[in-house]
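Novice: Take a look at this one; I'll ask things after.
The values are calculated or read from the model by the stated rules, or taken from the named source; none is laboratory data. Keep in mind it's a predicted model, so treat the numbers as computed, not measured. Because the Cβ atoms are built from the backbone with ideal geometry, glycine has one as well, and the counts that use them run over all protein chains shown.
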Amino acid sequence: MMSMGDLLAQAGEKGPFKEVDLIRTSHFLILGTGLVGPAVANWYKILLRTFGDSGSAALKKMAADQLIFAPISMAVFMTALNTLQGKSLEEIKKEIDAKYKDLLIANYKLWPAVQLINFYMMPMHYQVLFAQSVALFWNAYVSWKLRLEIKD
């Protein structure tokens, strides 16, 4: 889903069926399959073990997701992506300083509502699928946002 989100972002930037930056997309594929996907799946298991699967647990799961997982996973993802792109530690720090806050605020505008719906209404076996359906568009936004040049 992360690589599909990047392809959507590229289509929005360049127009559909234009030249695709396969290296950029491969970075999202690598991080989606090797980092983000496993982290999200394990996180959902931790939330289930910690809070259970009742409707009353939905708010607790969402709060934990947004107060613990979201800020940490955003920083880890940004660091990993910039590392794959060959950036130095100084460049990575500059990127995080410039974009982390805006991405986290955007996250908080979308994901609390999505996760409340997810944890309250979706059966457990559909929760990752539901979240990843929304994440397709979220990943397109993140890909686009991270491609913007940093203004000094």
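Novice: Let me spell it out: the conditions are (1) modelled with pLDDT of 90 or more; (2) in contact with an Asp or Glu (Cβ under 9 Å, 6 or more places away or on another chain), and Asp21 meets all of them except one. Which number is the exception?
Specialist: (1)
Novice: For Ala80, state whether it is closer than 19 Å to Phe119 by Cα, touching a helix residue (DSSP H, G or I) at 6+ places or on another chain (Cβ under 7 Å) and among the small types (Gly, Ala, Ser).
Specialist: Against the criterion (closer than 19 Å to Phe119 by Cα, touching a helix residue (DSSP H, G or I) at 6+ places or on another chain (Cβ under 7 Å) and among the small types (Gly, Ala, Ser)), Ala80 does not qualify.
Novice: In the range 8-26, is there at least one residue being basic (Lys, Arg) and either part of a loop (DSSP other than H, G, I, E, B) or surrounded by fewer than 16 Cβ atoms within 10 Å (Cβ to Cβ) (or both)?
Specialist: yes
Novice: Filter the range 48-59 down to the residues that are surrounded by fewer than 16 Cβ atoms within 10 Å (Cβ to Cβ), modelled with pLDDT of 90 or more and not β-branched (Val, Ile, Thr) and list them by number.
Specialist: Matches in the range 48-59: Leu48, Arg49, Gly52, Leu59.
Novice: Only residues in the range 105-118 that are at negative phi and surrounded by 15 or more Cβ atoms within 10 Å (Cβ to Cβ) count as the first member; pair them with residues that are basic (Lys, Arg) and modelled with pLDDT of 95 or more, Cβ under 9 angstrom, at least 6 apart or cross-chain, and list the lot.
Specialist: Gln115/Lys61; Leu116/Lys61; Asn118/Lys61
Novice: Mind listing just one residue for me: the one in the range 60-98 that is outside any helix (DSSP H, G or I) and exposed (fewer than 15 other Cβ atoms within 10 Å of the Cβ) and, of those, farthest from the chain's Cα centre (by Cα)?
Specialist: In this case the residue turns out to be Ser88.
Novice: What residue, of Lys45, Lys93, is modelled with pLDDT of 95 or more and on the phi < 0 side of the Ramachandran plot?
Specialist: Answer to the check: Lys93.
Novice: Looking at Thr33, is it buried (at least 17 other Cβ atoms within 10 Å of the Cβ), without any contact (Cβ under 8 Å) to a residue 60 or more places away in the chain and hydroxyl-bearing (Ser, Thr, Tyr)?
Specialist: So Thr33 does not fit the description; no.
Novice: Going by what's in this entry, would Lys18 be described as touching a Leu at 6+ places or on another chain (Cβ under 6 Å), over 14 Å from Leu146 (Cα atoms) and not aliphatic (A, V, I, L, M)?
Specialist: It is false that Lys18 is touching a Leu at 6+ places or on another chain (Cβ under 6 Å), over 14 Å from Leu146 (Cα atoms) and not aliphatic (A, V, I, L, M).
Novice: Restricting to the range 1-49, count the residues that are touching a helix residue (DSSP H, G or I) at 6+ places or on another chain (Cβ under 7 Å) and within 23 Å of Ala70 (Cβ to Cβ).
Specialist: 23
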